[in-house]
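Peer 1: Got a structure here, written out as structure tokens. Questions coming.
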Amino acid sequence: MKRVFTLLIFLVFTLVQAQEKHTVYFDLDIDEPNSSSVISFDAWLQQNKDAIVFKVYGYADKVGSVPYNRDLSLRRANAIVSRLKQNNIDFAEGFEIKGFGEEFEQDSEQAKNRRVEVYYELPETVEEVVEPLDTELAKKVDRSKVGDKLKLPNLYFYNNSDIVVPKSKPVLRELLVIMQKRPKLKIEIQGHICCQPTDEGRISFFRAKAVYEYLLYNGIDASRLKYRGFSSNNPVYPLPEKNEDERNANRRVEIEIIEN
């Protein structure tokens, strides 16, 4: 198969020191933002595509029980995180999501208590162009045959999460370029976890889905993509792992070649 040389562009980030905040408001007992906040949030997303989010905090008013409001505030926070992810917003290392319920200093205007706060920084970006190269993953894809499985190298997620850490974004971009330059290539994205026999949060499934959605969002046709999670059913090393190297080997996302 013809070897394809790709031009990889990496962004070097210098973070602005001041942390900023965007607030999204919700109606009574609702875990999706109200219509006026959706308009405001969509505008923020368009204007801040390079934002790096450090934390998302959810809040509720005092209507309802304390446990209910704590759950409601966390659901609100998760709804905003989902919108951030759908728009390819980066999350900082150590990203925190939390629901405070009604356990904070309440404003006298109840509508202001039903909110989610997004804390973020805007980076200054400088483009550094790297000479054209044939990446190791691209070489492996070119040498592969149907049924082969290839690990996506250096693809890391936050603990117990399907959010890719910022330093792993180049891996996704590399896979995207590979798919763009090889229009006949079809793959199945396969997620795996380490350390535990069950995957109660279906983390392996959602990590595979996150890679699928990234490719889909960036123009790769769904007919070329499949995804599924294997929990810890197909470990590289038997459980329990003996050390961190073995845990890292088991905690992975692979692509299986469906057509090449």
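Peer 1: In vacuum, with every alpha carbon of segment 155-222 counted as one equal point scatterer, what does the Debye formula give for log10 I(q)/I(0) at q = 0.19, 0.22, 0.25, 0.29 Å⁻¹? Two decimals, please.
Peer 2: Taken in order of the listed q values, log10 I(q)/I(0) reads -0.77, -0.97, -1.15, -1.38.
Peer 1: Here's another thing I want to ask about it. Taking the chain as the region of interest, what is the percent of Cα-Cα pairs per 5 angstrom bin, listed from the shortest bin to the one with the maximum distance?
Peer 2: Over the chain, the share of Cα pairs per 5 Å bin runs 1, 6, 11, 14, 15, 15, 14, 11, 7, 4, 2, 1, 0, 0 percent.
Peer 1: About the Cα centre, and with charges only on the beta carbon of Lys, Arg (+1) and Asp, Glu (-1), how big is the dipole of segment 57-127? Nearest 20 debye, please.
Peer 2: Details: 10 positive and 14 negative charges, 105 e Å.
Computed charge dipole of segment 57-127: roughly 500 debye.
Peer 1: Oh, and also: Extension gain Leu216-Thr198, at 0.36 nm per residue separation less the Cα-Cα distance, in nm? Write out the running numbers ahead of the final one.
Peer 2: On the way: separation 18, 0.36 × 18 = 6.48 nm, distance 2.85 nm.
Separation in residues times 0.36 nm, less the Cα-Cα distance, equals 3.6 nm.
Peer 1: Taking the dipole about the Cα centre of segment 21-167, with the C-beta of Lys and Arg at +1 and of Asp and Glu at -1, give me whichever of Asn48, Leu74, Leu137 is farthest to the positive side.
Peer 2: Among Asn48, Leu74, Leu137, the one farthest towards the positive end of the dipole of segment 21-167 is Leu137.
Peer 1: Roughly speaking, what is the stretch gain from Ala111 to Val146, that is 0.36 nm per residue apart minus the C-alpha to C-alpha distance, in nm to one decimal? Could the numbers behind the result be given before it?
Peer 2: Working: separation 35, 0.36 × 35 = 12.60 nm, distance 5.62 nm.
So the extension gain works out to 7.0 nm.
Peer 1: May I ask you to derive the FRET efficiency for Val63 and Asp42 from their Cβ-Cβ distance with R0 = 35 Å, giving the value to the nearest 0.05? Before the final figure, lay out each step's value.
Peer 2: Values: r = 28 Å, r/R0 = 0.79.
So the FRET efficiency works out to roughly 0.80.
Peer 1: Next up: Could you give the dipole magnitude of segment 29-168 about its Cα centre, charging the beta-carbon of Lys and Arg +1 and that of Asp and Glu -1, in debye to the nearest 20? Present the calculation step by step, with values, prior to reporting the outcome.
Peer 2: Numbers: 19 positive and 26 negative charges, 133 e Å.
Dipole magnitude for segment 29-168 comes out near 640 debye.
Peer 1: For the chain, what is the charge dipole size about the Cα centre, in debye to the nearest 20, if Lys and Arg each add +1 at the Cβ and Asp and Glu each add -1 at the Cβ?
Peer 2: Approximately 1280 debye in magnitude.
Peer 1: Also, I was wondering about something else. Along Cα→Cβ, 7 Å out, is where each label goes; now give me the distance between the ones at Tyr158 and Asn34 in nm to one decimal.
Peer 2: Between Tyr158 and Asn34, the label points sit 2.7 nm apart.
Peer 1: Also: Can you give me the Cα centroid spacing of segment 34-93 and segment 229-260 in angstrom?
Peer 2: If you average the Cα positions of each part, the centres end up 32 Å apart.
Peer 1: Near the amide H of Phe157, under 5 Å away, which other amide H atoms are found, from residues 5 or more places off or on another chain, if H is placed in the peptide plane?
Peer 2: Counting only residues 5 or more places away or on other chains, the set is Val165.
Peer 1: On the protein heavy atoms, probe 1.4 angstrom, tell me the percent of accessible surface of segment 168-260 carried by carbon and sulfur. If you can, show how the numbers build up before the last one.
Peer 2: Values: 2220 of 4630 Å².
That share works out to 48 percent.
Peer 1: Would you grab the residues whose amide H sits under 5 Å from the one on Gly101? Only those 5+ places off in sequence or on another chain, please, with H modelled 1.01 Å from N.
Peer 2: Here Ala60, Ser73, Leu74 satisfy the definition.
Peer 1: Could you give the nm distance between label points at Thr23 and Lys167, where each point is 7 Å from its Cα heading toward the beta carbon?
Peer 2: Computed distance between label sites Thr23 and Lys167 equals 3.6 nm.
The values are calculated or read from the model by the stated rules, or taken from the named source; none is laboratory data. For clarity, every value in this text was computed on a predicted model and none was experimentally measured. Neighbour counts run over all protein chains shown; Cβ positions are idealised from the backbone, glycine included. Ligands, DNA and RNA are excluded from the accessible area calculation, which covers all protein heavy atoms including side chains. Shrake-Rupley method; radii C 1.70, N 1.55, O 1.52, S 1.80 Å.
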